[in-house]
There are 4 protein chains.
Amino acid sequence: MIIKLDKNIKKEAKNLILQKLQDVGYKSNIVTTKYDNYIIGVGSKQFDIRSIGSLEGIKDIHRVTAAAKLVSKKWKTQDTIIDLGDSVKIGGGNFQIMAGPCSIESEDQIEKTVQHLLENNIKIMRGGVYKPRSSPYAFRGLGIEGLKLFYKHCHANGIKIITEVMMTSQIESMYEYIDIFQVGARNSQNFNLLDALGKQDKPIMLKRGLSGTLDELLASAEYIFSNGNEDIMLCERGIRTYENSYRNTFDINSIPVLKKKSHLPVIIDASHGVGIREFVEPISLAGIIAGGDAVITEVHEIPQIAFSDGAQTLSHLEANKYYQNVRNTVAFREKLIQF
Amino acid sequence: MIIKLDKNIKKEAKNLILQKLQDVGYKSNIVTTKYDNYIIGVGSKQFDIRSIGSLEGIKDIHRVTAAAKLVSKKWKTQDTIIDLGDSVKIGGGNFQIMAGPCSIESEDQIEKTVQHLLENNIKIMRGGVYKPRSSPYAFRGLGIEGLKLFYKHCHANGIKIITEVMMTSQIESMYEYIDIFQVGARNSQNFNLLDALGKQDKPIMLKRGLSGTLDELLASAEYIFSNGNEDIMLCERGIRTYENSYRNTFDINSIPVLKKKSHLPVIIDASHGVGIREFVEPISLAGIIAGGDAVITEVHEIPQIAFSDGAQTLSHLEANKYYQNVRNTVAFREKLIQF
Amino acid sequence: MIIKLDKNIKKEAKNLILQKLQDVGYKSNIVTTKYDNYIIGVGSKQFDIRSIGSLEGIKDIHRVTAAAKLVSKKWKTQDTIIDLGDSVKIGGGNFQIMAGPCSIESEDQIEKTVQHLLENNIKIMRGGVYKPRSSPYAFRGLGIEGLKLFYKHCHANGIKIITEVMMTSQIESMYEYIDIFQVGARNSQNFNLLDALGKQDKPIMLKRGLSGTLDELLASAEYIFSNGNEDIMLCERGIRTYENSYRNTFDINSIPVLKKKSHLPVIIDASHGVGIREFVEPISLAGIIAGGDAVITEVHEIPQIAFSDGAQTLSHLEANKYYQNVRNTVAFREKLIQF
Amino acid sequence: MIIKLDKNIKKEAKNLILQKLQDVGYKSNIVTTKYDNYIIGVGSKQFDIRSIGSLEGIKDIHRVTAAAKLVSKKWKTQDTIIDLGDSVKIGGGNFQIMAGPCSIESEDQIEKTVQHLLENNIKIMRGGVYKPRSSPYAFRGLGIEGLKLFYKHCHANGIKIITEVMMTSQIESMYEYIDIFQVGARNSQNFNLLDALGKQDKPIMLKRGLSGTLDELLASAEYIFSNGNEDIMLCERGIRTYENSYRNTFDINSIPVLKKKSHLPVIIDASHGVGIREFVEPISLAGIIAGGDAVITEVHEIPQIAFSDGAQTLSHLEANKYYQNVRNTVAFREKLIQF
């Protein structure tokens, strides 16, 4: 049960609601975001919610039985829009392209990427400085020093930054240099990290787990929201199946299903979703037609020498065409006949 | 190794080729289709293929090491076009919509579907008369009598028929009433059925197995081709995964990957691929953008009373809009910038 | 609903039952096996089954809502015992070892295998004469002539034969030479083949599909039973997953789960279940401890030269030890403390 | 490449080795555990390792190309034995039972469990105080205060403690109260946590990811080892598949495969591996026969009122029998004929 409170609810009124919930055996969770205040009641007893809904200080009350409540479209029917400032928005009809290398490798590489993005009017750059790698002996990223370089060039050119955070203790030092915290597939159920990110006031892009269900993805988003951060994006990046002709199986079904279940924007990561350069474009465009709100795509001046993920990375030359087809497809989608 | 023979090769020349292959320890498979004659040599020894290629009566020779040879794009780089007559073609830039109910239920239902297809200028009707059902107690189709009714109304209105064949002994009686034999997912590796269909001169649409790999799908197509039938279409209908929010996981990656590996047309079955009515359109359109050559879609005047698969079936009303969006997307795809 | 009839029920009494079922909107399926006669009623209406149960000529009546009814342990709580004659039994506490090559290759190979089985007191030989192979160019078995040789040597030595049947039209010619018809994983939902095998009076061993669920396996067994053949064994042979360190994932859970759901014997195929020679023994023994009623195992005098599946085949030398450990484990299992 | 150093190697000799590795383009990782000192060289160039092996101060050198090196049996052929003190050992022929509730719930519950374990001569108690839960609104454990209670009663009775650590910042406060740090399935690739645990001198039990491959599990173990902690156990707890008749698919194949690939002990978690109380015993015994070094099993005085995982938890009464069958099976395993 979700109870949305009046912003200026009195303390006594709030306590009365909490008391009433306790009386029917419900556990209360108080959620405060920068936009609103909620009480989430969790319990199994059936009762007439009007007996609570009629209390003073309540703006709205809604029964949601699924594990994911605040992120559910049953509760909030309007699409969430992530506003990154400078008119850069994602969701609710605002489409963005996020592009850049898998790993931040050098200042020269950053400069060339920024130049490439500027030429293509791309507003958000991706790039990893903390890299989760299966092997402890692989390149693990340039760390906070890499991020500072990353920030220097993006900030100077009005480009927003999305990069992965791997652990709670990195959040503070990363905070001032990033615009979106990315949670990787391997941390999709790292609940302590989600708790901590829920306490930040910057947007989070949450990737689906390697074999995560859609309901688990939404429950992970609920962790962030219930800690106070409403600005969440969900990212489909392919799932693990028995098929070996490509890297991961991009779950195209997830896009309309997530858009139906949740009000949060859904981001398309076709680079990981198929893992083979020449198929990144068709899968991205398919994801757009199916309803995605943004693409996040690996590009590199010369993918063959990239430190990681070269096989799924577009060259800047290929990317120039890719961006045009992406934008044309977004424009075409607007013209589809709606019911 | 694929050896394409001159149409008027002399018997002695052919025998010489077979002898040469035997000399290097290769097993020969003679393949005769309505278009061409081939010898498929299978062996592991490395040798200079020019020593065979220079023999009399050989049009072309090509080394293909994968299990699937004749269906490979490495061998035949031009797309296969399935010609159903009356200018109804699939593949090589020819897109078709196939639509109709899951099961043929009654003459009245056939008439209403035919009327619906005519109104929408659809040239191919789908509908099962032999239904593979998990339970022996479920409705298993109207059988050959249903097919005759199906044929009567389609034939009178210039509509082609695609329907599933489940066993070899059904082929002969079905033959004159159908335009495309469909092989269902559960029979995707029913090799005896594939052998028998390879001896027919009507096109085959082969569905991917429930958890079939793309290479297995191509190897199954190779069964058909190597028995003499080149007119094969591959159908992506979703695979079985751990995700339970929908019926099957439509493998969008399979479409560009199959188009790259093979010259055969690839058909999109979003009805089974997602299994929920409201998502059939976005998944179909995504499949088109990704490169599919046709859609096969379940439609029913009133899906709620359909004998089978109602939950994934579009009403005729919904389908009217669906066809327009499908056609617009095909047209849009033509305008994408190519490398 | 399962209605077990008196063996000497009068025609009028039977018709009355069918009429009563029709009156409540149930579809009736008459099932006659060599042991019993049944009517399977299928419908959704709730009513007091005593109103039918009290009719003349009914031995027993039971409501079973699952798709699989006759094979369910809810209906028949006693384990099915497959009796192959000469005191060779499987199920209900009777354990058997079935062993032999993947493919029957030659008379010499048969003779050596028979000798090996005799030395180890093994009563059932496996060996394929019709081989389902992914590629049409692979060895596809010696066919019926191979089966006759197989029969000649086994029959002369009192050894039973299990071999795979791939299509309905093979049944008649195979019938006199075999003791158990095996249905392979790729034909696990070849419903026409299951229908036809249900009309035979020899036992069937039904393999689970490549990615078949346990409920699908039971529903496929129901096809056989409802056509009149009660003598069915279920075979766990591993499922397809994302893991690539071995061939298939042997689903050890399936063994106690199937034994709980069904009264049919459960057979352990560790050769396919793990696909690597050195692990066949531990997986077989694990399957026994978990409750399996037999093992079916690939053995070959010299696996390295086997026509197929050599990598998962035990040499005769290895097999000698294997059989002893299998038998010791079966004996040990008897001594486990039961609740 | 693994280079094991003399314990008293001189600084100059060590530097010479590092220099030589650099000369051939190899990256060096220095690993110091409480038992030994290593240099791990990572590179792709082929060269005669004797040119390095002959240098001063080297005890042993070995080429290991897989990602997982130090945990590989190719390097260390002798089984690792985890010594918890007081003669409680795991691995190398030493079998242990770890048992206890899913969650630590109360002091009363701890006392009853300890009493139950003492009666059954069980030396290690499991119990979660930090619980990873899909939903943020579920019970998340008693935390460090629960752990102190847990410790008080176990310590007083000579029982060792295994409990899950979810984040790096918990390690320090947990350290003095635990004997084994458990890494849960959702943190199996939380590389920062693995790095931090690699710096501890207490054993780690690392669970396989929800859909983790065996090679990923070993690479995660390599993270711990390469940070300096050799005392690692691997835990099979079932993987996620399409099958829904039970909770997870216990991967019985993983046990002999992991034992072959690695020298680390392998632990059987049948509670999560099948997820249904009545099947926990057969799956545990199967895991033992297949080669497991310990079981970790959920038990609760009254599973029906457990805070979490009740459906897969044995009652103390059921557990009494379970322990006997476990021990008898371990004893029986010793008697199997070895090659």
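Test D:VAL88 against the criterion of being in the same structural domain as D:VAL257 (by TED's automatic domain parsing) and modelled with pLDDT of 90 or more, and give yes or no.
Spelling it out, D:VAL88 is indeed in the same structural domain as D:VAL257 (by TED's automatic domain parsing) and modelled with pLDDT of 90 or more.
Could you tell me whether B:GLY127 is under 30 Å from C:GLY41 (Cα atoms), within 14 Å of another protein chain (Cβ to nearest Cβ) and touching a strand residue (DSSP E or B) at 6+ places or on another chain (Cβ under 6 Å)?
no
Quick one: in the range B:285-312, which of the residues that are more than 30 Å from A:ASN325 (Cβ to Cβ) and among the β-branched types (Val, Ile, Thr) is surrounded by the fewest Cβ atoms within 10 Å (Cβ to Cβ)?
That would be B:ILE305.
Could you check how many residues of the range B:154-180 are touching a strand residue (DSSP E or B) at 6+ places or on another chain (Cβ under 9 Å) and in a helix (DSSP H, G or I)?
Count: 5.
Go over the candidates C:ARG240, C:ARG247 one by one and state the one that is over 18 Å from the mean Cα position of the chain (by Cα), more than 8 Å from chain D (Cβ to nearest Cβ), surrounded by 22 or more Cβ atoms within 10 Å (Cβ to Cβ) and basic (Lys, Arg).
Selected residue: C:ARG240, the only one of C:ARG240, C:ARG247 that is over 18 Å from the mean Cα position of the chain (by Cα), more than 8 Å from chain D (Cβ to nearest Cβ), surrounded by 22 or more Cβ atoms within 10 Å (Cβ to Cβ) and basic (Lys, Arg).
Determine whether C:LYS123 is modelled with pLDDT under 95 and of a type in the set (D, E, K, R). So that I can check it myself, show each step before the final result.
Details: modelled with pLDDT under 95: no; of a type in the set (D, E, K, R): yes.
No: the conditions fail for C:LYS123.
Would you be able to say whether some residue in the range A:110-123 is hydroxyl-bearing (Ser, Thr, Tyr), in a helix (DSSP H, G or I) and within 14 Å of chain D (Cβ to nearest Cβ)?
no
Conditions tested, residue by residue: (1) under 15 Å from B:ASP251 (Cα atoms); (2) assigned by TED's automatic domain parsing to the domain that holds A:VAL31; (3) in contact with a His (Cβ under 8 Å, 6 or more places away or on another chain); (4) among the acidic types (Asp, Glu).
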{"residue": "A:GLU230", "(1), (2), (3), (4)": "no, no, no, yes"}
{"residue": "A:MET233", "(1), (2), (3), (4)": "no, no, no, no"}
{"residue": "A:GLY238", "(1), (2), (3), (4)": "yes, no, yes, no"}
{"residue": "A:GLU243", "(1), (2), (3), (4)": "yes, no, no, yes"}
{"residue": "A:LEU264", "(1), (2), (3), (4)": "no, no, no, no"}
{"residue": "A:ALA270", "(1), (2), (3), (4)": "yes, no, no, no"}
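Conditions first: (1) at pLDDT below 90; (2) among the aliphatic types (A, V, I, L, M); (3) under 26 Å from the mean Cα position of the chain (by Cα). D:ILE49 passes all but one, so which condition is the exception?
The number of the failed condition is (3).
Of all residues being within 14 Å of another protein chain (Cβ to nearest Cβ) and β-branched (Val, Ile, Thr) in the range C:159-178, which is farthest from C:ILE82 (Cα to Cα)? Just the residue, please.
Top of the filtered list is C:THR168.
Quick one: C:LEU217 ticks every box in (1) of a type in the set (A, V, I, L, M, F, W, C); (2) closer than 21 Å to C:GLN170 by Cα; (3) free of Cβ contacts under 8 Å to residues at least 60 places away in the same chain bar one, so which box is it?
Evaluating C:LEU217 over (1) of a type in the set (A, V, I, L, M, F, W, C); (2) closer than 21 Å to C:GLN170 by Cα; (3) free of Cβ contacts under 8 Å to residues at least 60 places away in the same chain leaves (2) as the failure.
For the range B:292-339, which positions are acidic (Asp, Glu) and either within 30 Å of B:SER262 (Cα to Cα) or within 10 Å of chain A (Cβ to nearest Cβ) (or both)? It would help to see each step written out before you state the result.
Applying the first criterion (acidic (Asp, Glu)) to the range B:292-339 yields B:293, B:298, B:301, B:309, B:318, B:334.
Residues satisfying the conditions are B:ASP293, B:GLU298, B:GLU318, B:GLU334.
Out of the residues in the range C:67-122 that are more than 24 Å from C:THR33 (Cβ to Cβ) and among the acidic types (Asp, Glu), state the one that is surrounded by the most Cβ atoms within 10 Å (Cβ to Cβ).
Among those residues, the one meeting the criterion is C:GLU105.
So, in the range D:250-265, exactly how many residues are in contact (Cβ under 8 Å) with a residue 60 or more places away in the chain and crowded, with 24+ Cβ neighbours inside 10 Å?
3
So how many residues does the range A:123-138 have that are more than 23 Å from A:PHE95 (Cα to Cα), surrounded by 22 or more Cβ atoms within 10 Å (Cβ to Cβ), within 23 Å of the chain's Cα centre (by Cα) and of a type outside the set (A, V, I, L, M)?
1
Just checking, does the range C:266-284 include any residue being over 17 Å from C:VAL326 (Cα atoms) and free of Cβ contacts under 8 Å to residues at least 12 places away in the same chain?
no
Go through (1) in contact (Cβ under 8 Å) with a residue 60 or more places away in the chain; (2) within 21 Å of D:GLU164 (Cβ to Cβ) one by one and return the number of the condition D:VAL114 breaks.
The single condition D:VAL114 does not satisfy is (1).
Any residue at all in the range B:188-211 that's within 7 Å of another protein chain (Cβ to nearest Cβ), buried (at least 22 other Cβ atoms within 10 Å of the Cβ), under 28 Å from B:GLN324 (Cβ atoms) and in contact (Cβ under 8 Å) with a residue 12 or more places away in the chain?
Checked against the condition, which is being within 7 Å of another protein chain (Cβ to nearest Cβ), buried (at least 22 other Cβ atoms within 10 Å of the Cβ), under 28 Å from B:GLN324 (Cβ atoms) and in contact (Cβ under 8 Å) with a residue 12 or more places away in the chain, the range B:188-211 yields no hits at all.
Within the range D:139-158, which residues are in contact with a Lys or Arg (Cβ under 8 Å, 6 or more places away or on another chain) and surrounded by fewer than 22 Cβ atoms within 10 Å (Cβ to Cβ)?
D:PHE139, D:ARG140, D:GLY158
Filtering the range C:225-237 down to residues that are of a type outside the set (Lys, Arg) and assigned to a loop (DSSP other than H, G, I, E, B), which residue is farthest from the other protein chains (Cβ to nearest Cβ)?
My answer is C:ASP231.
Would you check which residues across the range A:285-318 are more than 13 Å from A:ARG333 (Cβ to Cβ) and part of a helix (DSSP H, G or I) and list them?
Listed by number, the residues that qualify are A:PRO303, A:GLN304, A:ILE305, A:GLY310, A:ALA311, A:GLN312, A:HIS316, A:LEU317, A:GLU318.
Assess whether C:ILE276 counts as being in contact with a Phe, Trp or Tyr (Cβ under 8 Å, 6 or more places away or on another chain), under 19 Å from D:GLU243 (Cα atoms) and either surrounded by fewer than 24 Cβ atoms within 10 Å (Cβ to Cβ) or at the interface with another protein chain (Cβ under 8 Å from one of its Cβ atoms) (or both). Spell out how you get there, then give the answer.
Values: in contact with a Phe, Trp or Tyr (Cβ under 8 Å, 6 or more places away or on another chain): yes; under 19 Å from D:GLU243 (Cα atoms): no; either surrounded by fewer than 24 Cβ atoms within 10 Å (Cβ to Cβ) or at the interface with another protein chain (Cβ under 8 Å from one of its Cβ atoms) (or both): yes.
Here the answer is no, as C:ILE276 does not meet what is asked.
Of the residues C:GLN109, C:GLN96, C:GLN115, which single one is closer than 20 Å to C:PRO256 by Cα and either at pLDDT 95 or above or of a type in the set (D, E, K, R) (or both)?
That would be C:GLN96, the only listed residue that is closer than 20 Å to C:PRO256 by Cα and either at pLDDT 95 or above or of a type in the set (D, E, K, R) (or both).
Picking from C:VAL280, C:VAL257, which residue would you name as being of a type outside the set (Ser, Thr, Tyr), under 30 Å from D:ALA66 (Cα atoms), in contact with a Leu (Cβ under 8 Å, 6 or more places away or on another chain) and in a helix (DSSP H, G or I)? Give the steps one after another, and end with the answer.
Details: C:VAL257 fails: under 30 Å from D:ALA66 (Cα atoms).
After applying the criteria, what remains is C:VAL280.
Just to be sure before I move on: is A:TYR137 modelled with pLDDT of 95 or more, within 14 Å of another protein chain (Cβ to nearest Cβ) and not in a helix (DSSP H, G or I) in the structure I sent? Let's see the steps before the verdict.
Details: modelled with pLDDT of 95 or more: no; within 14 Å of another protein chain (Cβ to nearest Cβ): yes; not in a helix (DSSP H, G or I): yes.
So A:TYR137 does not fit the description; no.
So, of the residues in the range D:23-52 that are free of Cβ contacts under 8 Å to residues at least 24 places away in the same chain and in a helix (DSSP H, G or I), which turns out to be farthest from D:TRP75 (Cα to Cα)?
Among those that are free of Cβ contacts under 8 Å to residues at least 24 places away in the same chain and in a helix (DSSP H, G or I), it is D:ASP23.
Considering each residue of the range A:1-22, count those that are free of Cβ contacts under 8 Å to residues at least 12 places away in the same chain and under 20 Å from A:PHE47 (Cα atoms), and give that number.
3
Exactly one condition in (1) more than 7 Å from every other protein chain (Cβ to nearest Cβ); (2) under 18 Å from D:ALA196 (Cα atoms) is not met by D:GLU222; state its number.
Single failed check for D:GLU222: (1).
The values are calculated or read from the model by the stated rules, or taken from the named source; none is laboratory data. Values in this document were obtained by computation on a predicted structure and should not be read as measured data. Please note: Cβ atoms are built from the backbone with ideal geometry, for glycine as well, and neighbour counts cover all protein chains shown.
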